[in-house]
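Working notes, beginning with the structure itself.
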Amino acid sequence: MILCANFKANKTRQDTRAYMAVVESFVSANGIGDTIIVFPPFTALEHDPRNVLIGVQNAYPVQNGAYTGEIALEQLEEFGIKTILIGHSERRHIIGETQEQITAKFRFFAEHGFAIVYCVGEPLAVREEGNDILMAYIEQQFEGIDLTYSDLIVAYEPVWAIGTGLTPSNSDIELVHSALRSKTDAPLLYGGSVKVDNASTIMALDNVDGILVGSASLSANDFCEMIAQATELQ
Ligand code: PGA
């Protein structure tokens, strides 16, 4: 299983240190073999080698240069970061990233050998139009994306499920994941209102290889509990 914690714009550097100490000691004390990735804000990046991977929630697809307010490859290399989240719905819908920009980012970080957690997912209005329209919408989010990239992880995150407490039914998750499975061999994560109460059930679904957790991952104890649930499923 792959379990990801996406902090978004939450936690200070100090909070993140305390959090990582809890999760890292849990992972080593319990000999956890699952892949655990934490995406803290840029200000909380650290150098140290860890038994928990650290990724970034975003970066600009250049080595360095005149891109005010952005973080580029050079800054990530300083921290040994080799994992990035691309295509998250908050970047698509709040920041306004286009598929073209997302594709450029994907190509650049794939060329530099990053592990890429690539997010797709439909707004509620699309879901209400039925499965064919839903899959056609997701198909567009794969435009320009190399689904055979060896370090790819795909996360299915319905926009309407993120941060809302709503989740699709288990059979709806399985339906989308089986359609995704027919497109790629990459591990498939589900994200959107995953919490301690539903994580185990979701991780046990067909073609679900892990979870991408936002709000519920902000508690180190809750995130560790989800890691423990993943271990129990194996
Ligand atoms: P949520 O966020 O768990 O708070 O719904 C998930 C995500 O945006 O990755």
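The values are calculated or read from the model by the stated rules, or taken from the named source; none is laboratory data. Everything numeric here is computed off the predicted structure, so don't read it as measured data. Positions of Cβ are backbone-derived with ideal geometry, glycine not excepted, and every protein chain shown enters the neighbour counts. Just the protein is used for accessible areas: all its heavy atoms, side chains included, with ligands, DNA and RNA removed. Shrake-Rupley method; radii C 1.70, N 1.55, O 1.52, S 1.80 Å.
For the stretch 73-141, compute the orientation-averaged projected area of the C-alpha convex hull (one quarter of its surface), in nm².
5.1 nm²
Quick one: pull the percent of accessible area on the stretch 1-99 belonging to carbon and sulfur, 1.4 Å probe, ligands and nucleic acids left out.
Values: 2490 of 4790 Å².
Carbon with sulfur: 52 percent of the solvent-accessible area.
Whole-Hz Karplus ³J(HN,Hα) for the stretch 179-192, in order, using 6.51 cos²θ - 1.76 cosθ + 1.60 and θ = phi - 60°, x for Gly and Pro?
5, 5, 4, 6, 9, 8, 8, 5, x, 10, 9, 9, x, x
I need the P(r) histogram for the chain: all alpha carbon pairs, bin width 10 Å from 0 out to the longest distance, whole percents.
Computed distribution, short to long bins: 7, 34, 38, 18, 2.
Charges at C-beta only: +1 for Lys and Arg, -1 for Asp and Glu. How large is the resulting dipole of the stretch 176-234 about its Cα centre, in Debye rounded to 20?
220 debye
Please give the per residue accessible area of the stretch 1-105, computed with a probe of 1.4 Å over protein heavy atoms only, in Å².
49 Å²
Starting at the first residue of the stretch 70-84, write each ³J(HN,Hα) from the Karplus equation 6.51 cos²θ - 1.76 cosθ + 1.60 with θ = phi - 60°, in whole Hz, x for Gly and Pro.
Each residue's phi maps through the Karplus curve to give 9, 10, 10, 4, 3, 6, 6, 4, 4, 9, x, 6, 10, 9, 9 Hz.
On average, how much area does the Cα convex hull of the stretch 1-117 cover when viewed from any direction, in nm²?
Result: a mean projected hull area of 7.6 nm².
Whole-Hz ³J(HN,Hα) for each residue in the stretch 91-96, computed from phi via Karplus 6.51 cos²θ - 1.76 cosθ + 1.60 with θ = phi - 60°, x for glycine and proline: what do you get?
6, 5, 9, 8, 7, x
Mind checking which of Ser169, Thr68, Ile102 is farthest towards the positive end of the chain's charge dipole, using Cβ charges of +1 (Lys, Arg) and -1 (Asp, Glu) about the Cα centre?
Towards the positive end, the residue furthest out is Thr68.
Just how large is the dipole of the stretch 88-176 about the Cα centre, in debye to the nearest 20, putting +1 at every Lys and Arg Cβ and -1 at every Asp and Glu Cβ?
Working: 5 positive and 15 negative charges, 59 e Å.
Roughly 280 debye, rounded to the nearest 20.
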